[in-house]
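Colleague: Shown below is the structure under consideration.
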Amino acid sequence: MTKDESEAKTYLFRVVVEPGEDRWHAYCPALEDIGGATWVHTREEALKIYKRSG
C-alpha cells in the first residue's frame with residue numbers, strides 16, 4: 001500500500017438503549033460526550049439510528 005492509499009478501519013461500539021417515561025434513550029458510552037446519544041419514541045427507532053450509522 002502506498003502512502004496515498006488509506007486503509008479502511010472498522011470499529012465496534014456498545015450501544016445502550018433504555019426506556020424512559022415517554023421516550024427511549026439510546027447512547028454509545030464511548031461517544032456520549034461528543035454527541036453519541038439520542039432520545040426517540042420507540043426502541044426500534046433507536047436501534048435503526050445506530051445500525052444506520054455503522
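Colleague: Which one is nearest to LEU12 (Cα to Cα), of the residues in the range 43-54 that are charged (D, E, K, R) and surrounded by 12 or more Cβ atoms within 10 Å (Cβ to Cβ)?
Modeller: LYS48
Colleague: Take the residues in the range 9-24 that are within 18 Å of ARG52 (Cβ to Cβ) and of a type outside the set (Phe, Trp, Tyr), then tell me which one is farthest from the chain's Cα centre (by Cα).
Modeller: That would be THR10.
Colleague: Where the second residue is of a type outside the set (Lys, Arg) and part of a helix (DSSP H, G or I) and the first is free of Cβ contacts under 8 Å to residues at least 60 places away in the same chain and surrounded by fewer than 12 Cβ atoms within 10 Å (Cβ to Cβ) and lies in the range 27-42, which pairs have Cβ atoms under 8 Å and are six or more apart or on separate chains?
Modeller: Here the result reads none, with nothing in the range 27-42 linked to a residue that is of a type outside the set (Lys, Arg) and part of a helix (DSSP H, G or I).
Colleague: Could you list all residues from the range 20-54 that are at pLDDT 90 or above and of a type in the set (Ser, Thr, Tyr)?
Modeller: TYR27, THR38, THR42
The values are calculated or read from the model by the stated rules, or taken from the named source; none is laboratory data. Because the structure is a prediction, the values reported are computed rather than measured. Every residue, glycine among them, receives a Cβ derived from its backbone with ideal geometry; neighbour counts consider all protein chains shown.
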